[in-house]
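First the structure, in the form of structure tokens, and then the observations on it.
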Amino acid sequence: FLLMMSFVWGGCRAAPSLPDDGFVDVTGGRIAFRVMGDGPGTPVLVIHGGPGSSSCIYPSTLTGIAEDRPVVMYDQLGTGYSDRITDLEQFAVVPRFAEEITAIREELGLDELHILGHSWGASVALEYLLRENPTGVLSLMLVGPLVGTERWLQDANDLVAQLSEESQSAVREAVESGDFTSEEFDVANTEFMAQFGTRDLDAYLAIEECQVRPQGDSNLYEYMWGPSEFVSTGTLRDYDRTGDLGLLDLPVLFLVGEYDEARPETMREFIQHVPGSSLTVIPDAGHLSNVDQPEAFNAAVNDFLREVEGR
């Protein structure tokens, strides 16, 4: 739900260094960014999921990408080290989140870049490209993307059907009653995330950045999405960009885990809408494929970037 100089990449001029970290003013407050790596490759801008999460899962898991190029990460407004949202109705809206990309690009002089959007961050990336029609975006990587809420929930319900009978019953009761506060529902949600969210929980819990960084904003998640990954009651419940995928006119990689909430079967359908797009499935990984299998994740991204930049 995950940030003015001109850059000339390659040729006889070296890429100037980006600042290590800082803040950028956006509508509603300041957002915090961090840059990792100073190689000569075109930078990658990473947009985290949520809504209401943060970029803390990336510094330790994207080091392989940062060996060749700067990787820019930022906390969306309302998350991590960024300012909290004071008015959800006014500022927790999709177009404003997309505008954060413009602010980051202007602050860091990112005339050319690749964009990697993860989960809800993929929605933000899509909105930016489809609304702003920007120049200088060389490619788009959609990692476990939320493209449309209706399809996401269809997939989530199919995955719920793979849970224990007790968890399936708890989910049905919660949906029917509208009460998502029961202990049984919490157990079901935990089982769901262990199978389809982060399969390597120890690796996730060992990420130091996520232990020291301020926690994400759960109110933002509930306001925009809902009480769980498989129930949407918030402002994104009618979100859908599936029909607009064909408008993307750049190299696109769909990247998901084998057991991702954003199911590989659905991604195979999505690539049919985007001419020239491709799909990579990371074995034995869930929705946080960069956490479950960081080496395979980095390799998949690097292979795609080399292919794009070699054209």
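The values are calculated or read from the model by the stated rules, or taken from the named source; none is laboratory data. Bear in mind that the values here come from a model prediction, so they are computed numbers and not experimental data. Positions of Cβ are generated from backbone atoms using ideal geometry, with glycine treated the same way; all protein chains shown enter the neighbour counts. When the accessible area is computed, the model is the full protein with side chains, heavy atoms only, and any ligands, DNA or RNA have been set aside. Shrake-Rupley method; radii C 1.70, N 1.55, O 1.52, S 1.80 Å.
The combined condition, being over 29 Å from ASP303 (Cβ atoms), at pLDDT 95 or above, touching a Ser or Thr at 6+ places or on another chain (Cβ under 9 Å) and open to solvent by less than 40 Å² (accessible area, probe 1.4 Å), is not fulfilled by VAL143.
Restricting to the stretch 58-79, name every residue that is surrounded by 24 or more Cβ atoms within 10 Å (Cβ to Cβ) and either in contact with a strand residue (DSSP E or B) (Cβ under 6 Å, 6 or more places away or on another chain) or of a type in the set (Val, Ile, Thr) (or both). If the condition is that a residue be surrounded by 24 or more Cβ atoms within 10 Å (Cβ to Cβ) and either in contact with a strand residue (DSSP E or B) (Cβ under 6 Å, 6 or more places away or on another chain) or of a type in the set (Val, Ile, Thr) (or both), then TYR58, ILE65, PRO70, VAL71, VAL72, MET73, TYR74, ASP75, LEU77, THR79 are the ones that fit. Every test in (1) open to solvent by 10 Å² or more (accessible area, probe 1.4 Å); (2) touching a Ser or Thr at 6+ places or on another chain (Cβ under 8 Å); (3) at pLDDT 95 or above is passed by THR102 save one, and that test is (2).
Residue-wise test of (1) within 21 Å of PHE270 (Cβ to Cβ); (2) touching a Pro at 6+ places or on another chain (Cβ under 8 Å).
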residue: TYR81; (1), (2): no, yes
residue: ALA92; (1), (2): no, yes
residue: ALA98; (1), (2): yes, no
residue: THR102; (1), (2): no, yes
residue: HIS114; (1), (2): yes, yes
residue: ALA125; (1), (2): yes, no
residue: PRO134; (1), (2): no, no
residue: LEU146; (1), (2): yes, no
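The set of residues in the stretch 256-284 being closer than 21 Å to PHE192 by Cβ, open to solvent by less than 30 Å² (accessible area, probe 1.4 Å) and not hydroxyl-bearing (Ser, Thr, Tyr) consists of VAL256, GLY257, ASP260, GLU261, ALA262, PRO264, MET267, ILE282.
This table checks each residue for (1) under 25 Å from CYS56 (Cα atoms); (2) out of contact with any strand residue (DSSP E or B) (no Cβ under 7 Å at 6 or more places or on another chain); (3) surrounded by 20 or more Cβ atoms within 10 Å (Cβ to Cβ).
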| site | (1), (2), (3) |
| --- | --- |
| SER164 | no, yes, no |
| ALA174 | no, yes, yes |
| GLU184 | no, yes, no |
| THR190 | yes, yes, no |
| ASP202 | yes, yes, no |
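Among the residues of the stretch 120-129, is there at least one that is of a type outside the set (Phe, Trp, Tyr) and open to solvent by 50 Å² or more (accessible area, probe 1.4 Å)? Looking through the stretch 120-129, none of the residues is of a type outside the set (Phe, Trp, Tyr) and open to solvent by 50 Å² or more (accessible area, probe 1.4 Å). Has the stretch 206-214 got at least one residue that is surrounded by fewer than 21 Cβ atoms within 10 Å (Cβ to Cβ) and within 27 Å of PRO134 (Cα to Cα)? Among the residues of the stretch 206-214, not one is surrounded by fewer than 21 Cβ atoms within 10 Å (Cβ to Cβ) and within 27 Å of PRO134 (Cα to Cα), which makes the answer no.
For the stretch 233-251, the candidate set comprises residues that are in a loop (DSSP other than H, G, I, E, B) and of a type in the set (A, V, I, L, M); within that set, the residue that is nearest to PHE180 (Cα to Cα) is LEU236. Listed here are the helices (runs of 4 or more DSSP H) enclosed by the stretch 177-232 that have at least 1 residues being of a type in the set (Val, Ile, Thr): 183-196, 208-212.
Against the numbered list (1) modelled with pLDDT of 95 or more; (2) of a type outside the set (Ser, Thr, Tyr); (3) not in a strand (DSSP E or B), VAL171 comes up short only at (1).
Residue-level analysis places GLY286 outside the set of residues that are in contact with a helix residue (DSSP H, G or I) (Cβ under 7 Å, 6 or more places away or on another chain), modelled with pLDDT of 95 or more, assigned to a helix (DSSP H, G or I) and not hydroxyl-bearing (Ser, Thr, Tyr).
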